[in-house]
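Everything on this sheet refers to the single structure shown next.
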Amino acid sequence: MPLRLGHRGAPLKAKENTLEAFALALEAGLDGFELDVQFTEDGVLVVHHDFTLEGVPVRALKREDLPPYVPTLEEVLKAFPEAWINVELKSIPGETDGREEALARLLGRHPSPRVWVSSFDPLALLRLKRLGVRPLGFLYSVREAEELAPCLGVEWLHPEERLLTPEGVARLKAQGYRLLAWTVNSRARAEELVRMGVDALVGDRPEALV
């Protein structure tokens, strides 16, 4: 049975990427959840999907400027120590602002075999690998991106679910990768991906995965 994760928690039942949404995902029977991490001006890793909040870049805000519903990653890790958590580090390719180092330090304080980090940014993944953060997952929505995987040294591949076919899954699994499919909101598609051998499913609707 693959891991079943709520996409930003249970976003159809509560505000996404909040402690309430994460708790509801677990209460619905999921193994854990996926979340998005941004970096504030004062060096705090906070859980929020967009690079902006009410039109202001999160990177230009301090932790104290954020609304109460935005938790820090550390608060989430402390609140749900038994959950499987995929931490998506939001990052734009280019020079680092230190978010990878901050994440490595935080995970070092809260080690867990049930937590792994993913990103669409290959440079962020390279930096995290050099910092000793493992395991890592490469997120992508274009099939050609798979060609980057051997250069990144990741253990997981996180393709958009529409990219996966039985032949493709078999090929990637034969290369030693674990596979996470997103965003799976159909029960029929979830069952199809399970038969293919996908290792984790992320969805908005817990009932489609449980």
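The values are calculated or read from the model by the stated rules, or taken from the named source; none is laboratory data. These numbers were taken from a predicted model, which means no experiment stands behind them. Please note: Cβ atoms are built from the backbone with ideal geometry, for glycine as well, and neighbour counts cover all protein chains shown. The accessibility values were calculated without ligands, DNA or RNA, using every heavy atom of the protein model including side chains. Shrake-Rupley method; radii C 1.70, N 1.55, O 1.52, S 1.80 Å.
Would it be correct to say that Gly137 is farther than 22 Å from Leu30 by Cα, at pLDDT 95 or above and open to solvent by less than 80 Å² (accessible area, probe 1.4 Å)? Can you show your working first?
Working: farther than 22 Å from Leu30 by Cα: no; at pLDDT 95 or above: yes; open to solvent by less than 80 Å² (accessible area, probe 1.4 Å): yes.
Taking the combined requirement at face value, the residue does not satisfy it.
Give the residues of segment 179-189 that are within 14 Å of the chain's Cα centre (by Cα) and open to solvent by 30 Å² or more (accessible area, probe 1.4 Å), sorted by residue number.
Across segment 179-189, the qualifying residues are Trp182, Thr183.
I'd like the full set of residues that are in contact with a Gly (Cβ under 9 Å, 6 or more places away or on another chain) and in a loop (DSSP other than H, G, I, E, B), limited to segment 5-19. Before the answer, list the steps.
Just the residues of segment 5-19 that are in contact with a Gly (Cβ under 9 Å, 6 or more places away or on another chain), to begin with: 5-7, 15-19.
Residues satisfying the conditions are Lys15, Glu16, Asn17, Thr18.
Could you identify the single residue in Val56, Val44 that is more than 26 Å from Ala208 (Cβ to Cβ) and without any contact (Cβ under 8 Å) to a residue 12 or more places away in the chain?
Val56
Residue by residue through segment 17-38, note down the ones that are touching a residue at least 24 places away in the same chain (Cβ under 8 Å) and surrounded by 22 or more Cβ atoms within 10 Å (Cβ to Cβ).
Asn17, Thr18, Phe22, Ala25, Leu30, Gly32, Phe33, Glu34, Leu35, Val37, Gln38, listed by residue number.
Give the residue that is farthest from Val115 (Cα to Cα), with candidates limited to residues of segment 26-52 that are among the acidic types (Asp, Glu) and under 18 Å from the mean Cα position of the chain (by Cα). Before the answer, list the steps.
Step one: of segment 26-52, the residues among the acidic types (Asp, Glu) are 27, 31, 34, 36, 41-42, 50.
Keeping just the survivors that are under 18 Å from the mean Cα position of the chain (by Cα) gives 31, 34, 36, 50.
Numbers: Asp31: 12, Glu34: 10, Asp36: 13, Asp50: 22 Å.
Among residues in segment 26-52 that are among the acidic types (Asp, Glu) and under 18 Å from the mean Cα position of the chain (by Cα), the one farthest from Val115 (Cα to Cα) is Asp50.
Residues of segment 72-97 being open to solvent by 20 Å² or more (accessible area, probe 1.4 Å) and in a loop (DSSP other than H, G, I, E, B), which ones?
Answer for segment 72-97, where residues must be open to solvent by 20 Å² or more (accessible area, probe 1.4 Å) and in a loop (DSSP other than H, G, I, E, B): Phe80, Pro81, Glu82, Lys90, Ser91, Ile92, Pro93, Gly94, Glu95, Thr96, Asp97.
One residue is enough: does segment 59-71 have a residue meeting the conditions free of Cβ contacts under 8 Å to residues at least 24 places away in the same chain, over 18 Å from Ala21 (Cβ atoms) and part of a loop (DSSP other than H, G, I, E, B)?
Within segment 59-71, one or more residues are free of Cβ contacts under 8 Å to residues at least 24 places away in the same chain, over 18 Å from Ala21 (Cβ atoms) and part of a loop (DSSP other than H, G, I, E, B).
Considering only residues that are open to solvent by 50 Å² or more (accessible area, probe 1.4 Å) and in a loop (DSSP other than H, G, I, E, B), look in segment 102-133 and name the one that is nearest to Ile92 (Cα to Cα).
Checked segment 102-133; the qualifying residue nearest to Ile92 (Cα to Cα) is Phe120.
With the structure loaded, tell me whether Glu192 is modelled with pLDDT of 95 or more, open to solvent by 70 Å² or more (accessible area, probe 1.4 Å) and charged (D, E, K, R) or whether it fails that test. Reasoning before the result, please.
On the way: modelled with pLDDT of 95 or more: yes; open to solvent by 70 Å² or more (accessible area, probe 1.4 Å): yes; charged (D, E, K, R): yes.
Here the answer is yes, as Glu192 does meet what is asked.
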